[in-house]
Amino acid sequence: MSDGNRPAPGAGYAVEISGVRKVMKPLEESVVAAHKIKDDWKAMAKGIESAATVDIEKPAKDVLSEWGYGMGRIAQHTDYVLETLRKVLSAYVMADLLQVKNFSPTEDNMAKLPVGDHGLEVWEEGHRGKFDPAPKSLQEQWDEEPKPKKTPRIRRFGNQQIVDWEDNYDGGTIA
């Protein structure tokens with residue numbers, strides 16, 4: 001329930017906090033695995049010496065080395081994604097608790113959320129920043145297509161098909 005202009009918790013934006021949390025857990029586990037591969041590729045390569053012939057030992061070690069390097073890079077970037085997701089998730093939780101309508105987690109908007117007890121007191125007194133809408137690039141693009149003035153109407157009479165044009169209907173009730 002809302003109290004006038006403020007929406008009820010969860011209203012005003014379409015982000016399911018529980019859904020974001022579900023995504024984060026496997027992502028975090030994947031990052032742990034990627035860091036392990038980055039750090040342990042040499043241990044994986046040790047067994048190749050006794051199991052492989054000389055002609056494939058070097059290429060196999062090279063592949064593992066490159067794989068370890070690549071997984072390290074992926075882990076590094078995914079760490080940043082996870083850190084950002086944590087910040088955004090915290091901002092959404094706070095915005096939900098404070099009943100901020102149509103919250104968008106831009107850096108400016110997240111900075112306007114209250115921090116600590118004093119920030120919450122000031123917020124409760126009514127001193128709040130004006131939250132900016134989401135940047136156009138983050139908003140859903142639902143471009144309205146212009147309606148044609150006339151649309152084709154296809155009718156069938158037996159084996160014949162007749163196409164004619166009719167004006168588009170612009171309102172009122174259809175009986």
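Worth pointing out:
- Single residue of segment 2-41 satisfying the filter (of a type in the set (S, T, N, Q) and over 24 Å from MET71 (Cβ atoms)) that is modelled with the lowest pLDDT: SER2
- Scanning segment 94-124 for residues that are open to solvent by less than 60 Å² (accessible area, probe 1.4 Å) and not aliphatic (A, V, I, L, M) yields a count of 11.
- Test: residue in segment 79-93 that is open to solvent by 30 Å² or more (accessible area, probe 1.4 Å), outside any helix (DSSP H, G or I) and either in contact with a Lys or Arg (Cβ under 9 Å, 6 or more places away or on another chain) or of a type outside the set (A, V, I, L, M) (or both): no
- Single condition THR151 does not satisfy, out of (1) open to solvent by 50 Å² or more (accessible area, probe 1.4 Å); (2) modelled with pLDDT under 75: (1)
- With respect to being surrounded by 13 or more Cβ atoms within 10 Å (Cβ to Cβ), basic (Lys, Arg), in contact (Cβ under 8 Å) with a residue 12 or more places away in the chain and within 22 Å of GLU16 (Cα to Cα), ARG128 falls outside the description.
- Residue match in segment 59-68 (condition: at pLDDT 75 or above, among the aromatic types (Phe, Trp, Tyr) and open to solvent by 40 Å² or more (accessible area, probe 1.4 Å)): yes
The values are calculated or read from the model by the stated rules, or taken from the named source; none is laboratory data. Small disclaimer: the values here were computed from a predicted structure and weren't measured. Reconstructed Cβ throughout: ideal geometry from the backbone, glycine too, with neighbour counts over all protein chains shown. When the accessible area is computed, the model is the full protein with side chains, heavy atoms only, and any ligands, DNA or RNA have been set aside. Shrake-Rupley method; radii C 1.70, N 1.55, O 1.52, S 1.80 Å.
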